[in-house]
Amino acid sequence: MKNLEALHAFHIRRSNRYSAIGRDVELDVERILAGARGADGQPVFSEVIRHAPYSVADGDGRDFTVKRGGASVSFGITISHQRARRARAKHPHVAQLHLPIGIRPDTVVAKVLALFAGAAVPR
C-alpha cells in the first residue's frame, strides 16, 4: 500500500511540474506571436489573445485566438505529444498544436500561419 501511495504522490508532483512548464510555454508562445514580424517589418498578426487558464475558452480547448488580415483562428497548445492527441479527441473542433519544450520561434509562427492557410499543420 505504501508503494501505491508513493507512486500516486509522484504522479501528482510530475503533473504539477508539467503544468507549470506548460504555463511558461504559453507565455513564451504569446511573446513569440505578439513579436512576430514579416519581411517588411510589419507585425505578422494584428492581435494575439491568450485566454486565461480555467476560463470558458480554455475549457473549450482554446488557449489562444490570433487575428490576421480580418480572419481569426483559435487553437490550443500542449508540450506533450500524448496530451495533444487527447486534446484533439476531446476538442475536435479546435486545432491543437504540439509545441515541445525548446521549439524554435519560427516553427511556432509557421504552425500558426498554417492554421490561417487551412493547410495541415506541420508536426
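With the checklist (1) under 21 Å from Thr78 (Cα atoms); (2) touching a residue at least 40 places away in the same chain (Cβ under 8 Å) in hand, flag the one item Val44 doesn't pass.
That leaves (1) as the condition not met.
In region 65-92, how many residues are in contact with a Gly (Cβ under 8 Å, 6 or more places away or on another chain) and without any contact (Cβ under 8 Å) to a residue 24 or more places away in the chain?
Residues that pass the stated criteria total 1.
Considering Phe45, Phe75, which residue is touching a strand residue (DSSP E or B) at 6+ places or on another chain (Cβ under 8 Å), in a loop (DSSP other than H, G, I, E, B) and closer than 20 Å to Ala110 by Cβ?
It is Phe45.
Would you pick out the residues in region 5-45 that are among the hydrophobic types (A, V, I, L, M, F, W, C) and surrounded by 14 or more Cβ atoms within 10 Å (Cβ to Cβ)?
Val25, Val29, Ile32, Leu33, Ala34, Ala36, Val44, Phe45
None of the figures in this text is laboratory data; all of them are computed from the coordinates on show. On a predicted model such as this, the values are computed, not experimentally measured, just so you know. Cβ: placed from backbone, ideal geometry, glycine included. Neighbour counts: every protein chain shown.
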